[in-house]
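Read the structure below first, then the notes.
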Amino acid sequence: MKVPRRGQYPFPKKGITAIRLIDTWNHAGEYENAFYTAPFNKVLLNGSASRSSKKKISKNTTHEFRVKAPLLQKDEVVCLLGNVDELGLWNTEDPLLLSKKDGQWWSVSLDLSEAHFPVAYKYGVYNTREKNFKEYEAYDNRLLQQNSPPQTISVLHDGFINLPNNTWKGAGVAIPVFSLRSRNSFGVGEFADINLLVDWARITGLKMIQILPVNDTTSTHSWTDSYPYSAVSAFALHPIYINLAKVAGKKHAEKIQSLRRKQKMLNELAEIDYEEVMRFKLAMLRELYDLMSSETLDSGDYHTFFDQNKHWLKPYAVFCHLRDKFGTADFSTWKSGNDYDEAEVNRIFSNRTAARKDVLFHCFVQYHLHEQLKEAADYAHKKGVVLKGDIAIGISRNSCDAWVAPHLYNMDEQAGAPPDDFATSGQNWEFPTYNWQKMQEDGYAWWRQRFEQMSNYFDAFRIDHILGFFRIWSIPSHAVQGIMGHFVRCLPVHFVEFGENGIWFDEHRYCRPFINDEVLDVVFGNKAQMVRERFLTPNESGGYDLLPGFDTQRKVEAYFAAHPDEPEADVLVVGLHELIANVILFKKEGSQGQEFHFRFGMEKTLSFKYLIPHVQERLRALYLNYFFERQDDFWRKEAMKKLPALKAATNMLICGEDLGMVPNCVPDVMKQLGILSLEIQRMPKILHKDFFHPEEAPYLSVITPSTHDMSTLRGWWEEDRARTQRFYNQILGQWGDAPYFCESWINRAIVLQHLYSPAMWAIFQWQDIMGMSETLRRENPAEERINIPANSRHYWRYRMHISLEDLLKEKEFNDELKGYIQNSNRAT
């Protein structure tokens, strides 16, 4: 039992020897709990003043009434009425007003020693400016059955006042920081640019700014580091977001002047030149470090930052030093230091060597990044806007986190996602999966530290791929394509089950790639004979096996990487990958051939096609049981081992990205824990449904027309003419043929549908907001897309096409947007 702090309860008082607590169960999924998270506590609802009761309260207290009421309007307070004299005998002309002193509880202390029990009472709402009673709470009277025993105070925790709890709604904008454009940035959006975005959000009525991860991803010092979900540290911020002028200050401003020409050139580019931006920023940061290191590293603010963050900052700085020294972030190949040694890290920091100077450079950069992002967050709060961050589901296997604590991760596995409409071969993110059992042993310390770090800047966060907390799609290290994976943890199929379901179990047939002449003709066409001769060997079944040098996808990749001049290499790689994936089952490692996982999309394989109908039917039934029936309760229990503990570790508002192949248990678990879901119009969660309608959104949700992993509204409109036509007629309710292009009125209609949704948050990609204007929208919608999930080597370089300074001047459009938000009853 948690021992109450002095002052938390009304004791000690003279003559009082005991406190009786009468509590009310607070279910984590209650809507009201969301209003006590950071964005509401710190910013959005942080305006209600403390009020004192106007009635004279007796010095002798027998009862203290407490209740929460998060959604009162300006000048409204909670009042208490009841059927006894001490509670005013239901007199609404002169109710008992409660006081709010701790930011959460409305309370009043009373002497009910002479009252007749049971006492019936209700809370209500009173307007102090108009001096009138507004309304009673809903439902039946509350009852206090008996008086307090002698020398005892009864404290009633009455939970939430029974008022409408789904009336607060907000709107927000989603855009990566790197996509921002201002006149002062350096070819890429910077933390300093967030202030201008906040100004725009404020004048348009947007209450939330959602960004992508901003952690350091510097692994290769090339454009491939533009991928924001492959961080080399779950804590460090990316140097690309630093504003050089703010680092230099007035004292060293002349240093920045020498880069003005380069800055102008990079800033005028339509997209980000990642490598050029990083090259110039890091070079200038080195120069500024040489000039400023002593004054910065000796300052009190820096020492405070260092002391609060040294648990990750020191390993990160040494990791960066060794990465650059050995020319790779792959610590397994370093000539020294590839096994983390805390004593060696401390030695580098304490000795006056060139290495110490270099590691302190990385601390210097992180300090300035922290200051700049914190300044932006504080500015947003001052303007009534909250920031929503993004927690990636994985870490890079070549990261500081993996270097420091490899036991927390399954380094021989790869995280990804099964095939879907966006990536038909699945996704392989190449991150190691989490060793949840090890993480649980120290109470998820790494996650708690991660949340604490994020809370320095963010009020809410999106959990990327929250399904990974139920089960993760794990791909063996020898595979390249996501389709080669299976869910971990999950309940496998035991070989006995095949016999029980009338299937003769043939391990060779089901677990090895099925290759015959017909399959080769389908996959390779006129190249089939060449493939037979070079990559295959006949087997005892009249078909073929892959030669040992080509029997895994990684071996195929390695061979063709070593032979870049091979004719039609791309075609051969794709075909060989398809052959390797042409299986029905994967053997579970360590099961001695007793347990198996179904390959996802089994029915689409050529291997399945060549089975007799009876076997197909029986395998299909077992496949459906494996994926959609047997796992649900197991996955629920897996999630409930992790998510409640992680949610309890932070007061940030948690939003889950629950897209993809969603188990039946996921919506209920998220609802039980009060985690907001993500609802997307073109990705309905109900099978065989074409679209999700915004009016059907649950209250605890974020609704959006598109995300960074999708085309924008305008791009999507042109992708599938037949689907667009159905959307035009069924969802927009329009007659006739749909326009070929997404005209501004169509874009506006979709945005308005979302604004009028019952969801707590309607958040729009910036591009979709601009799509409402024929004059402000980008000419080519194909240039608006941020990411293509099917392309693992996508270059993340999208940048807004107009500057924030110019956007702020678009008064007519900004006023129009604000009007839409206000008219939809969303907070402005």
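Worth a mention:
- The residues of the range 478-633 present an accessible area of 51 Å² per residue when probed at 1.4 Å with all protein chains retained.
- Inter-centroid distance (Cα atoms) of the range 739-776 relative to the range 92-111, Å: 44
- Taking the C-alpha atoms only, the angle from helix 569-580 to the longest principal axis of the chain is near 70 degrees.
- Overall, the anisotropy analysis places the range 678-828 in the rounded class: the square-rooted eigenvalues a ≥ b ≥ c of its C-alpha gyration tensor yield a/c less than 1.5.
- Of the solvent-accessible surface of the range 740-801, computed with a 1.4 Å probe and all protein chains present, 52% belongs to carbon and sulfur.
- Over the range 239-338, volume per residue of the alpha carbon convex hull, in Å³: 133
- In terms of distances greater than 23 angstrom between alpha carbons, the cross-link table entries Lys101/Lys374; Lys101/Lys122; Lys609/Lys685; Lys74/Lys122; Lys42/Lys383; Lys207/Lys246 yield Lys101/Lys374; Lys609/Lys685; Lys207/Lys246.
- For the range 274-370, the solvent-accessible area of protein heavy atoms averages 47 Å² per residue (probe radius 1.4 Å; ligands and nucleic acids excluded).
- Applying both filters, DSSP loop and at most 13 other Cβ atoms within 10 Å, to the GluC sites (Glu not before Pro) of the range 503-573 gives Glu540, Glu568.
- Computed from Cα positions, the angle between helix 300-326 and the longest principal axis of the chain comes to roughly 0 degrees.
- C-alpha center-to-center spacing [the range 122-164, the range 549-593] in angstrom: 68
- Judged by the gyration tensor of its Cα atoms, with axes a ≥ b ≥ c, the range 182-307 is rounded; a/c sits under the 1.5 cut.
- Once all protein chains are placed together, Thr62 keeps about 20 Å² accessible to a 1.4 angstrom probe.
- The residue among Gln104, Leu81, Thr92 whose Cα reaches farthest toward the positive pole of the charge dipole of the range 55-108, with charges on the beta-carbon of Lys, Arg, Asp and Glu, is Gln104.
- Signed unit charges on C-beta, dipole axis of the chain, positive-most listed residue Ala759, Met683, Ile515: Ala759
- Rounded if a/c under 1.5, otherwise prolate or oblate - the range 454-582, Cα gyration tensor axes: oblate
- Each part gets one Cα centre, and for the range 230-294 versus the range 668-722 those centres are 38 Å apart.
- Accessible surface of the range 350-490 [probe 1.4 Å, protein heavy atoms]: carbon and sulfur percent: 46
- Heavy-atom accessible surface of the range 493-628: percent carbon and sulfur, 1.4 Å: 54
- Size of electric dipole in the chain: Cβ of Lys, Arg +1 and of Asp, Glu -1, about Cα centre, debye, nearest 20: 2880
- Antiparallel content of DSSP bridges confined to the chain, in %, to 5: 55
- Percentage, to the nearest whole number, of Cα pairs in the chain over 38 Å apart: 52
- Per residue, the solvent-accessible area of the range 747-814 (1.4 Å probe, heavy atoms of protein chains only, all protein chains present) comes to 39 Å².
- Computed from Cα atoms, the angle from the helix 194-204 axis to the main principal axis of the chain rounds to 60 degrees.
- Estimated purely from DSSP H runs of n ≥ 4, each contributing -39500 (n - 2.57), the mean residue ellipticity at 222 nm for the chain is -10000 deg cm²/dmol once divided by its residues.
The values are calculated or read from the model by the stated rules, or taken from the named source; none is laboratory data. Just so it is clear, the structure is predicted and the values come from calculations on it, not from any experiment. Quick reminder, even Gly has a Cβ in these numbers, built from the backbone with ideal geometry, and neighbours come from all protein chains shown. Note: areas computed on protein heavy atoms with side chains; ligands, DNA, RNA excluded. Shrake-Rupley method; radii C 1.70, N 1.55, O 1.52, S 1.80 Å.
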